[in-house]
Every structure is written in C-alpha cells, then in structure tokens.
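Scroll down for the structure; my scribbles are underneath it.
The values are calculated or read from the model by the stated rules, or taken from the named source; none is laboratory data. Please read all numbers here as calculations on a predicted model, not as lab measurements. Cβ sites come from the backbone with ideal geometry, for glycine too, and all protein chains shown count toward neighbours. The accessibility values were calculated without ligands, DNA or RNA, using every heavy atom of the protein model including side chains. Shrake-Rupley method; radii C 1.70, N 1.55, O 1.52, S 1.80 Å.
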Amino acid sequence: MEPKQELRRRVWEEIRQAGAGRFPGVEGRIPNFVGAEAAAARAASLPEWRRATTVKANPDSPQWPARTRAVEDGKVLYMAVPRLRDERPFWQLDPDRLEVAPRRACSIKGAAIHGRPVSLEEMASIDLVLCGSVAVDRTGARLGKGGGYSDLEFALAAEFGKIGPATVTLTTVHPVQLIASGQIPLEDHDSPVDVIVTPDRVWRTESVHPRPPGIFWERLDRARVDQIPALRR
C-alpha cells in the first residue's frame, strides 16, 4: 500500500496534469478544482442535503461554493477556526443573522468577520459534515492534506455529542481524486465519508470503515493538546 504522502503527491500531480487545478493551487492543500461549483450544485440536489439544517464544513477553497449554497439554502453553517486555536473553536454562520451576502460570509476571512464564535457546547447537533479531500475511494476511505485537523474536528464534535450515527459525511472532489479502492491506508482515528460528489456524478459509499467515536487521547502528543484550548479543557 502506498504511503499517504506519496499518494498525496501522486494525486496532486495527476490533477495538475489533467489541467483540473485552479487558484490557489493543488500541492500541499485540499486542491481547488475546476467544476467545484457544479459539484456543489449537485450536492445541494441530494435528499441528504435537503434534510440537513446544520452543516459543519472545512474552510478550504474547493468547498467554498458548497458552503455558500448551504447558507443560501437556509442552513446553519459551522466552520472551524484555523487550527482550532481559540477557546470558541468554531464560527457559526446563521443565515437569519447575516448582514452580508452568503458567498462573502463563507470565505475564511468572511467567516472570521461575520461568524459568531461558539464553543462545542453551544453548537447544535450536526446533520451533515462537508469535508474536503485530496483523494477518496468508493468504500468511503478519505485522504486529507496531512494536518490532521479535519479528523480532530470530527472527533471533538463526536466527543461532545454533536456528531452521531445519523450525521452524513459528504465530500466534493474532481473525478481525478476518486481512486481505486484499497490504496488509502486508514487508521482508527480517520473519519470515512458516506457520499462522494463530483461535478457530474454521485456515489453513496455504504462505508465499511467505522467512524471514530471520539478522541483517541493516546494518539495525541502533549504539544498538540497544549495548542488547542478545547483539548486542554
């Protein structure tokens, strides 16, 4: 099985070779891809999306159109403060309270200005998790950019009872990012996805991979705990 970082490099290069990347680039990040708006529109047509009233989303560029669509559709959106560095580690974007256009509010800068900082206790239960991926397969195995924050956000929300069995996890990706099954090495703290959406197709994974039930404290080093107030508390 290919090591995670080598797999990331391979997928980033394949996106570049396909001409599917766009600003701010692909390498070292959740890659922004051509067709992100179409993928967001397709996601918004799904029954899982229509049922959701609360969405937790990653802050990366390729999911900006989907975050915008969530707020336009009247959903309460939660975005993590970068690196979970604040005592209130999420920004809440409530469409009933916003005084700017959803697209402006749903950028990273916009969320910091127009979002309301909330603690995990203050968050509502999450109906749908929107996540970015470097690569994903049809069993639901997902590979992020390597920082570990997406899985940690998921684990924290699960630990506080905000994510449960009924929560749907959805990722939007370019077709190049959908790879053959069995290539992504998974650990027990990795959170799988239930739905994969590309600009022109949808896959429901019926994932065989268990979700992390909360935080695996033995996997966290002291430095990471000290950097994140919610973990220290």
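Observations, loosely collected:
- Inter-residue pairs, beta-carbon under 8 Å, first in contact (Cβ under 8 Å) with a residue 40 or more places away in the chain and closer than 27 Å to Val168 by Cβ and in segment 211-225, second of a type outside the set (S, T, N, Q) and open to solvent by 50 Å² or more (accessible area, probe 1.4 Å), 6+ apart: Pro212/Asp188; Pro212/His189; Gly214/Glu159; Ile215/Glu159; Phe216/Asp188; Phe216/His189
- Hits in segment 1-21 - residues which are in contact with a helix residue (DSSP H, G or I) (Cβ under 8 Å, 6 or more places away or on another chain), more than 23 Å from Gly182 (Cβ to Cβ) and in a loop (DSSP other than H, G, I, E, B): Ala20
- Here Glu153 fulfils each of the conditions (1) over 30 Å from Val225 (Cβ atoms); (2) touching a residue at least 12 places away in the same chain (Cβ under 8 Å); (3) not aliphatic (A, V, I, L, M) apart from (1).
- 1 or more residues within 29 Å of Val118 (Cβ to Cβ) and either hydrophobic (A, V, I, L, M, F, W, C) or open to solvent by 50 Å² or more (accessible area, probe 1.4 Å) (or both): qualifying strands (runs of 3 or more DSSP E) within segment 150-224: 168-172, 195-197
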